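The values are calculated or read from the model by the stated rules, or taken from the named source; none is laboratory data. Please read all numbers here as calculations on a predicted model, not as lab measurements. Because the Cβ atoms are built from the backbone with ideal geometry, glycine has one as well, and the counts that use them run over all protein chains shown.
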Amino acid sequence: MDERILQFFDGHEEALPLYEKFESEVLFRIPETEIKVQKTQISFYNKHMFSCVSFARVRRKKECPDSYIVITFGLSRREESPRVDVATEPYPGRWTHHILVSEAGEINDELMGWIEEAALFSAGK
């Protein structure tokens, strides 16, 4: 495990297995992905950033589980799913979606389909 990733999860160690599963799924499905660890997020790139993992507050604190990650991705459209905690359109034709993930089972084909779609959207820019 990359030391920078371990530092990112300092204080959130219980969420590390969620990240590890997500990273593994991304690299399996989109092998050309580059990963950049920053202070507030871990970003996934092809030509441009298509997804990131953070601890962003997308729900009220009392509604958040003890351990979670937030997976963010961009699409050309708004995804109308109850899984999406926040969706914003920072500029026309680009929707940013935030999904809180607290269990490994939530990193499933539905979520990874959106991530693959986000990677294609990003590569096409």
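Put simply, of Gln38, Gln7 the only residue that is over 12 Å from the mean Cα position of the chain (by Cα) and within 17 Å of His98 (Cβ to Cβ) is Gln38.
Filtering Ile69, Ile30 for residues that are more than 18 Å from Glu116 (Cβ to Cβ) and touching a helix residue (DSSP H, G or I) at 6+ places or on another chain (Cβ under 9 Å) leaves a single hit, Ile69.
Does Cys64 satisfy the criteria of being of a type in the set (A, V, I, L, M, F, W, C) and modelled with pLDDT under 95? First the steps, then the outcome.
Values: of a type in the set (A, V, I, L, M, F, W, C): yes; modelled with pLDDT under 95: yes.
In short, yes.
Selection of segment 13-45 for residues being outside any helix (DSSP H, G or I) and either crowded, with 16+ Cβ neighbours inside 10 Å or hydrophobic (A, V, I, L, M, F, W, C) (or both) yields Ile30, Thr33, Ile35, Val37, Gln41, Ile42, Ser43, Phe44, Tyr45.
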